[in-house]
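A short worksheet on the structure shown next.
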Amino acid sequence: MKRNTFVGAFGAVVLTLMACGPQAAQAEMSPQAQVAAMKRGVNVLGYDPLWQDPARARFQPRLMSVIRDGGFNTVRINLHAFQHMDKDNRLSPFYFSTLDTMVDAANKAGLHVILDLHNFNECAEDVTACRPKIMAFWTQMAEHYKGAPDTVMFEILNEPHGPVNAVWNDMIAENLKIIRKTHPRRNVIVGPTSWNSLNDLEALSLPAEDKHLIVTFHYYEPFVFTHQGAAWTPQFKDVKGVGWTKAEGQARLDADFDKVKAWSARTGRPILLGEFGAYDKGPMDSRVAYTDAVARAAEARNWAWAYWQLDSDFIVYDIPADRWVKPIHDALIPEQAAKAEATPAPQVDPNDVMAHVINTPKLSSWTPYGEGQASTPIKTAEGAPIRSALRIPLSAAQPNAWDVGAVAQIGQPVKAGDKLQAWVWARAATPDAATRVPMNILISLNKAPWTALTNTPVQISSEWDMYVVQAVADKDYEPGTLMLALQLGKSAFPIELGAPVVLRNYAPTAQ
């Protein structure tokens, strides 16, 4: 273990990252221009454990750049927000912090972002309870993202269906009224009823004066093919072996899409195909043929599209293996998939600190744990080496050091022999400068048996210091299987932490 008061150039870089929030608004973008720029997209994050427990997150912010490099232009972030509301329908700070991290990562990667409210089933179960929740959601989201660039879009509700059908046009109007107070020209996405069915487009009533609307529909026809083996569809859960070929299916696909094209031409509303895909249990050759045919049919009609989905099921990216599912990726992005595979890995500059960072160096990456634990972002005192910190309000020592702590996920893969460093800014809010507080710094597995590559005890004081620990990987570790962990259970005083930083093979040459 080394203590280090280094600030320097890297400190400035970390401070910049920590300060990132939604970017400033840009010039107005017409919905037609937005659709042309959105091009190819993918649905992300809807069912990731991240939203309940960041320590179990599969999706890491770095994947936004992977998505962009893989040939996609847009992410549709599926938001199950109702679970994060209190009794007064207020969204939690944790929710906004988690979402901000992903939106920031997408913005930096150059992606368009759709913020899609995905509590569609709850709304179908109880429309009366749902409506105020949706309005509360968009009231808070509109305020929170009023400074976001125009590459960020709002989608009022995914797949309205069942009892929602009868009041959907009223719900569109009431939520547009909320959004337009602070976003008069941001493009908003709305779709027809019956699960965003193209057959319900004629029933969609949109305010004629609102010129910043994009209309979406979802396409999973024929359903017996796209959902064969899906456990949530009782009529198809035992179906298997159903194929699809262009020879048999292209005519229906074109006929369906031409209906949407005609409606769009008549109404002047541009189109997003917001979801399509075929479930994993279908024959791969048929899934590839179908995926390619739907994507190309949408592009031929100048629509943007978003594949369902990156992870969970229907997947196009294998997160544990950190690689594209090549047959599906090739079908979606035929040019980029082959190009990406043929491109050699770039050489890493040994003096470029950020090229070696393998986690997300932001305060929001810390997840405190332990009974009753919480944390509060704070501004540090004048003259401190960092501008902001995370305060963990401890007041009594616990029986074990590991009873209380904070963890930060390491999102990138680690190979056997990789040399790892963790840099932790920390101080304790002790009553005097002489008091020292014990803290253990670990790089370890993020699940049982919690094996540590290093477990280094340090003593922290009331002064800010950066603590550096090192380890060498004994074997290969898949993305997201390691974490930086701090054991704080023996502290009887509040602990303040800077953004976590983990580096791989950082060995700068002499300058």
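Scanning the range 78-89 for residues being buried (at least 20 other Cβ atoms within 10 Å of the Cβ) and outside any loop (DSSP other than H, G, I, E, B) gives a total of 2.
Across the range 252-271, a minimum of one residue is classified as part of a strand (DSSP E or B) and either out of contact with any helix residue (DSSP H, G or I) (no Cβ under 6 Å at 6 or more places or on another chain) or surrounded by 15 or more Cβ atoms within 10 Å (Cβ to Cβ) (or both).
Taking the stated definitions as given, is HIS212 out of contact with any helix residue (DSSP H, G or I) (no Cβ under 9 Å at 6 or more places or on another chain), at pLDDT 95 or above and buried (at least 19 other Cβ atoms within 10 Å of the Cβ)? Considered against the rule, which asks whether it is out of contact with any helix residue (DSSP H, G or I) (no Cβ under 9 Å at 6 or more places or on another chain), at pLDDT 95 or above and buried (at least 19 other Cβ atoms within 10 Å of the Cβ), HIS212 comes out as no.
Given the criteria assigned by TED's automatic domain parsing to the domain that holds SER30 and either touching a residue at least 24 places away in the same chain (Cβ under 8 Å) or not in a helix (DSSP H, G or I) (or both), does GLU221 qualify? Judged against the criteria, GLU221 is a match. Flag: GLU125 does not match the condition of being under 20 Å from MET29 (Cα atoms) and not aliphatic (A, V, I, L, M). Taken as a whole, the range 9-20 holds no residue that is modelled with pLDDT of 50 or more, outside any strand (DSSP E or B), outside the structural domain of LYS362 (by TED's automatic domain parsing) and crowded, with 17+ Cβ neighbours inside 10 Å. If you go through the range 22-51 and keep only what is without any contact (Cβ under 8 Å) to a residue 40 or more places away in the chain and in contact with a helix residue (DSSP H, G or I) (Cβ under 8 Å, 6 or more places away or on another chain), you end up with just PRO49. Tell me, which residue of the range 315-330 that is surrounded by fewer than 23 Cβ atoms within 10 Å (Cβ to Cβ) and in a loop (DSSP other than H, G, I, E, B) is nearest to the chain's Cα centre (by Cα)? This residue is ILE319. Going by the structure shown, is ASN169 touching a His at 6+ places or on another chain (Cβ under 7 Å) and either surrounded by fewer than 22 Cβ atoms within 10 Å (Cβ to Cβ) or over 30 Å from ALA37 (Cβ atoms) (or both)? Here the answer is no, as ASN169 does not meet what is asked. For the range 139-172, what are the residues that are free of Cβ contacts under 8 Å to residues at least 60 places away in the same chain, of a type in the set (A, V, I, L, M) and more than 18 Å from HIS118 (Cα to Cα)? Result: ALA166, single match. Restricted to the range 358-413, the set of strands (runs of 3 or more DSSP E) holding at least 1 residues that are at pLDDT 90 or above and touching a Phe, Trp or Tyr at 6+ places or on another chain (Cβ under 7 Å) comprises 388-392, 405-410. Condition first: within 18 Å of ILE67 (Cα to Cα), at pLDDT below 95, in a loop (DSSP other than H, G, I, E, B) and under 17 Å from the mean Cα position of the chain (by Cα). Can you find one or more residues in the range 288-310 that meet it? The answer is no, given that none of the residues of the range 288-310 is within 18 Å of ILE67 (Cα to Cα), at pLDDT below 95, in a loop (DSSP other than H, G, I, E, B) and under 17 Å from the mean Cα position of the chain (by Cα). Of the helices (runs of 4 or more DSSP H) lying entirely inside the range 107-216, those carrying at least 3 residues that are touching a Leu at 6+ places or on another chain (Cβ under 8 Å) are 127-144, 168-182.
Scanning the range 100-139 for residues that are within 19 Å of the chain's Cα centre (by Cα), surrounded by fewer than 22 Cβ atoms within 10 Å (Cβ to Cβ) and within 17 Å of ASP86 (Cβ to Cβ) yields a count of 1.
The values are calculated or read from the model by the stated rules, or taken from the named source; none is laboratory data. Quick caveat, the model's predicted, so the values are computed rather than measured. Here the Cβ is made from the backbone with ideal geometry for all residues, glycine too, and neighbour counts use every protein chain on show.
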